[in-house]
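Note sheet for the following structure.
The values are calculated or read from the model by the stated rules, or taken from the named source; none is laboratory data. These numbers were taken from a predicted model, which means no experiment stands behind them. No Cβ is skipped: glycine too gets one built from the backbone with ideal geometry, and neighbour counts run over all protein chains shown. Heavy atoms of the whole protein, side chains included, go into the accessibility calculation; ligands, DNA and RNA do not. Shrake-Rupley method; radii C 1.70, N 1.55, O 1.52, S 1.80 Å.
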Amino acid sequence: MRHHILGFFLLIALAFSSPAQDSAAAPLSRETLLMNYGWKFKKGELPVNHWGKYAKNGTYGTEPGIGLAYDDSSWRAIDLPHDFTIEAFASDKGNAGHGYFPAEVGWYRRKFTIPASDKGRRIQVQFEGAFQAATVYCNNFIVGRSDSGYAPFQFDLTELINYGGENVLTVCVDAKLPEGWWYEGGGIYRDVYLVKTGEVHVPWGGVYVQSWFKVDPALGRSFFEDSPEGPAHVRIQTTVANKGSAQAEIKIRTKILDPSRRLVGEKSKKVETGPWSETTATVEATLPEAQLWSLEKPNLYTAVIELEANGRIVDSFEQPFGIRTIRFDSKLGFFLNGKPLKIKGASNHQDHAGVGIAVPDSVVAYRLNRLKEFGFNAYRTAHHAGGPVAKIADRLGMLVFTENRKFSTGENSIKELRRMILADRNSPSVILWGIGNEEVAFQHTAIGGQVARGMRDCVRSLDVTRPVTMGQNEGHDIPGSATEPEDVIGFNYAWDAWDKIHKLYPDRPIIETEMANSYTTRGVYEKQELQGRLLSYDVPAFATGIFTRAEVKRQMERPWMCGGFIWTGFDYRGEPGPFYESNWKKYNMPGELPRDVSCHFGAFDLCGFPKDVAYYFKAAYVNEPVIHLFPHWNWKGKEGQPIDVWVYSNCDEIDLIVNGKSQGRKPMPKLDYVSWKVPYEPGTIEAVGYKNGKEIARDKRETTGAPVSIALVPDRATLNADCRDVALVTMQVLDDQGRPVPDAVNKIHFRVEGPLRLLGSGNGDPATRESDKVPERSLWAGLAQVLVQAMDQPGNAIMIAESEGLRPAKLELNLAAVAKLPALPSPVKGDPAMWSDAKGRDQSSSSAATPAVSGAVQQDDYSFYEKNAVTNPEKK
């Protein structure tokens, strides 16, 4: 997650250093070092006893895995981010909701040296995310613990450091206890930074930027009333922490840089802060001609903050922000920068093929761009803080609905909520804060209303520029329920109550925080339910209904509805509905239940390959002509048999042409589909779209020959040689005419040569049991994906793919020299191989014959789904 403002600036390779200082004085400038490289890792429990004879004085050096003296030479050498759960094999004994993967414990160790010259600075370690319960040790001390699998956390190490010598950071990550009912992974799966500052510094999350035009956010109404008229006003609040032993007088200098980094404003203010205390100062500026942040032009300003003490700069960093207005209107819907905009969003978990939850930033960007390409303009981080999503969306131009994981005002839950707000409150992409999701035990009750009010007030104490909502699927009309404190009323489905609640609360905006997509599997056009796959046509399966088209129509025909977020943009591991034991028995399905490792909800599969339904959304959401024809036209052995042919389009009329013969032009129903039953004959089918009688779009499918060669297609041909950038390479096979074979299932073996690392692979098949972490992958419906990561050497690298009986493929990637993020040196070099200790075998700490150890096992009944209209289509 780029929630720390400094971490984000590292992303854009900015250095935070102060002007030259007296060499005799302790260094006071800020230094932020990426700590991802050169960790040692071991899966499984270690016999650590925190209450042993050494607990009194905090010494744990004799405990296995904790101190410097421990021999970790047998541990694996890895780099972060890392998901150790995806390295295991799914087991039929595991929990269905979590994709049948085991829930285990992992230990991490990282040695590092802090020079003696750093004595007098504050040393902090910042974790952007670890799943789930993380206990952090430094040298022989317990530093602290985080019980959230999603929120960022930070610890001060200053007094525990061995200055001028070696240190070790040890982290135990316990992923046995779930927070959700989906695949959650395990490990230190986001970036880690070591941050050095002076005793006087800006703490994590210590800068807050507000902007407005007509309505000051301090009035609490800006997100209901503001519009971009006249000059822009900017308010910057800076918190100064003093971790020294004396009173300090600080001059805070704040500069505002426009998107071209031209100075457009500067203010200074003096504050005093006592020892081990914090002080906040506020400055304001007016910008006569502000450049707005928008989806089309995501302009970002920068606040440059400098702290000066005794004539010297003691801290300095930069905070990006955007200037834009949002307005939620109870009668007219949502407005961005004064213009109406229907929110066309997608909910998503943080899970991708090949890497699990350890999703690199470039893969997050790939997913956001994929959604934008198909007309989506908003992203919901369901149901947890979103890591790097908001900061990347800031740069790409995508709206974000950031959602909290735990519906509670308990101490730990409030801490996690606060960290989520502090992480993303300066991101112009973020338009909504979510405080809960389908809290079926409380959302309709008075206690639920009390909790929602407390959480809303906590949010308002940190940010008043965005409204609070909640993914509520019932109880909206009950007095005192969680609905009453919401700024914007959130609906998860419950569409039969929309109009009623709109009349009940005529002055309250409404948004569908979660709206249905369909259950489909990419590339499946004949029934394969017994194999764990569903049809790609939007039709009912044995325990599912039809949702997509009705949902979009309901949204579009109500101008007061601000918009909605489909469930989901991308498939994710776990929640393999409808393939649950209860459904299988209820519908008298024959044979054994298929143990799918991933869900079927996505408009895109786990690799980001579009399903047919993705083109329905594209036709509904974009302005340019769209026409999508399916299925493929490879039906050997079915000559003369009728094949269902569908078209999604936003044209007026569609003509289907089979081998040059028209099957009859048909009107295209708005926000729907058109279809034919066509006797199969090899050759070509074409869909031709017309508007006002004029052809404006075509789509074609051809009968292909047998596979003869492999093709490798990267999403980009050039990567940054920075040990972070990732290319997503599509693998497919071609016939003798160079056409992709759409139903191929060939197994492909792959390897790399040069400064390139294999991260993992996938094919989007929810029923697969192939490992993501071995260098081979079967195609599914003609496609598979390999993730390759650049190392830190510029030049060229090669990926080679081979399969028996096929001509191999060789892909050359260019690795460009770039300024790398400053990194903390490590005596250990991470393993360049993509796989783990598994190497094709299941070496998880629990054997395949043993059920996965997880509190999630008790969730297998999924009783809460009974109140969800998507997962329970029989709900009235």
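Based on this model, can you work out whether Tyr70 counts as of a type in the set (Phe, Trp, Tyr), open to solvent by 40 Å² or more (accessible area, probe 1.4 Å), modelled with pLDDT under 95 and assigned to a loop (DSSP other than H, G, I, E, B)? It is true that Tyr70 is of a type in the set (Phe, Trp, Tyr), open to solvent by 40 Å² or more (accessible area, probe 1.4 Å), modelled with pLDDT under 95 and assigned to a loop (DSSP other than H, G, I, E, B).
For Asp463, state whether it is under 25 Å from the mean Cα position of the chain (by Cα) and among the acidic types (Asp, Glu). It is true that Asp463 is under 25 Å from the mean Cα position of the chain (by Cα) and among the acidic types (Asp, Glu).
Every listed requirement among (1) free of Cβ contacts under 8 Å to residues at least 40 places away in the same chain; (2) crowded, with 16+ Cβ neighbours inside 10 Å is met by Thr521 save one, (1).
Among the residues of segment 781-821, those identified as over 19 Å from Arg724 (Cα atoms) and open to solvent by 40 Å² or more (accessible area, probe 1.4 Å) are Glu802, Glu804, Gly805, Arg807, Pro808, Lys810. For segment 91-117, filtered to residues that are part of a loop (DSSP other than H, G, I, E, B), of a type outside the set (D, E, K, R) and in contact with a Ser or Thr (Cβ under 9 Å, 6 or more places away or on another chain), the residue that is modelled with the lowest pLDDT is Ser91. Does segment 583-599 contain at least one residue that is of a type in the set (Ser, Thr, Tyr) and crowded, with 16+ Cβ neighbours inside 10 Å? For segment 583-599, residues of a type in the set (Ser, Thr, Tyr) and crowded, with 16+ Cβ neighbours inside 10 Å: present. When segment 478-498 is limited to residues that are touching a Lys or Arg at 6+ places or on another chain (Cβ under 8 Å), open to solvent by 40 Å² or more (accessible area, probe 1.4 Å) and not hydrophobic (A, V, I, L, M, F, W, C), the one that is farthest from Arg327 (Cα to Cα) turns out to be Asp496. Pairing residues of segment 393-408 that are open to solvent by 10 Å² or more (accessible area, probe 1.4 Å) with residues that are among the aromatic types (Phe, Trp, Tyr) and in a loop (DSSP other than H, G, I, E, B), at Cβ distances under 6 Å and at least 6 apart in sequence or on separate chains, gives Arg405/Tyr150. Among strands (runs of 3 or more DSSP E) entirely within segment 753-792, having at least 2 residues that are over 19 Å from Gly99 (Cβ atoms) singles out 756-762, 784-790. Residues in segment 686-700 that are more than 19 Å from Asp612 (Cα to Cα), without any contact (Cβ under 8 Å) to a residue 60 or more places away in the chain and in a strand (DSSP E or B): Tyr690, Lys694, Glu695. Please go through segment 277-313 and pick out each residue that is among the aromatic types (Phe, Trp, Tyr) and in contact with a Lys or Arg (Cβ under 6 Å, 6 or more places away or on another chain). Once the filter is applied, which keeps residues that are among the aromatic types (Phe, Trp, Tyr) and in contact with a Lys or Arg (Cβ under 6 Å, 6 or more places away or on another chain), segment 277-313 yields only Trp293.
Of all the numbered requirements in (1) under 30 Å from His82 (Cβ atoms); (2) open to solvent by 20 Å² or more (accessible area, probe 1.4 Å); (3) in a strand (DSSP E or B), Glu308 misses one, and that requirement is (1).
Considering only residues in segment 43-66 that are closer than 22 Å to Asp79 by Cβ and surrounded by fewer than 20 Cβ atoms within 10 Å (Cβ to Cβ), the one that is modelled with the highest pLDDT turns out to be Gly44. Mind listing whichever residues of segment 432-449 are of a type in the set (S, T, N, Q) and either buried (at least 21 other Cβ atoms within 10 Å of the Cβ) or touching a residue at least 40 places away in the same chain (Cβ under 8 Å) (or both)? Of everything in segment 432-449, those that are of a type in the set (S, T, N, Q) and either buried (at least 21 other Cβ atoms within 10 Å of the Cβ) or touching a residue at least 40 places away in the same chain (Cβ under 8 Å) (or both) turn out to be Asn437, Gln443.
Set side by side, the residues Val622, Val658, Val613, Val674 differ, and just one is within 25 Å of Ala784 (Cα to Cα) and buried (at least 16 other Cβ atoms within 10 Å of the Cβ), which is Val613.
Can you find even one residue in segment 128-144 that is of a type in the set (D, E, K, R), buried (at least 17 other Cβ atoms within 10 Å of the Cβ) and modelled with pLDDT of 95 or more? Yes, the conditions are met somewhere in segment 128-144.
For segment 663-685, the set of residues classified as without any contact (Cβ under 8 Å) to a residue 40 or more places away in the chain and over 30 Å from Gly637 (Cβ atoms) consists of Arg665, Pro667, Met668, Pro669, Lys670, listed by residue number.
Selection within segment 736-780: residues that are more than 25 Å from the chain's Cα centre (by Cα) and among the β-branched types (Val, Ile, Thr). The member of this set that is surrounded by the most Cβ atoms within 10 Å (Cβ to Cβ) is Ile748.
The rows are residues; the columns are (1) farther than 23 Å from Ile431 by Cβ; (2) open to solvent by less than 20 Å² (accessible area, probe 1.4 Å); (3) of a type in the set (Val, Ile, Thr); (4) within 34 Å of the chain's Cα centre (by Cα).
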| residue | (1), (2), (3), (4) |
| --- | --- |
| Ser260 | yes, no, no, yes |
| Leu263 | yes, no, no, yes |
| Ser268 | yes, no, no, no |
| Gly274 | yes, yes, no, no |
| Glu278 | yes, no, no, yes |
| Ala281 | yes, yes, no, yes |
| Thr286 | yes, no, yes, no |
| Glu296 | no, no, no, yes |
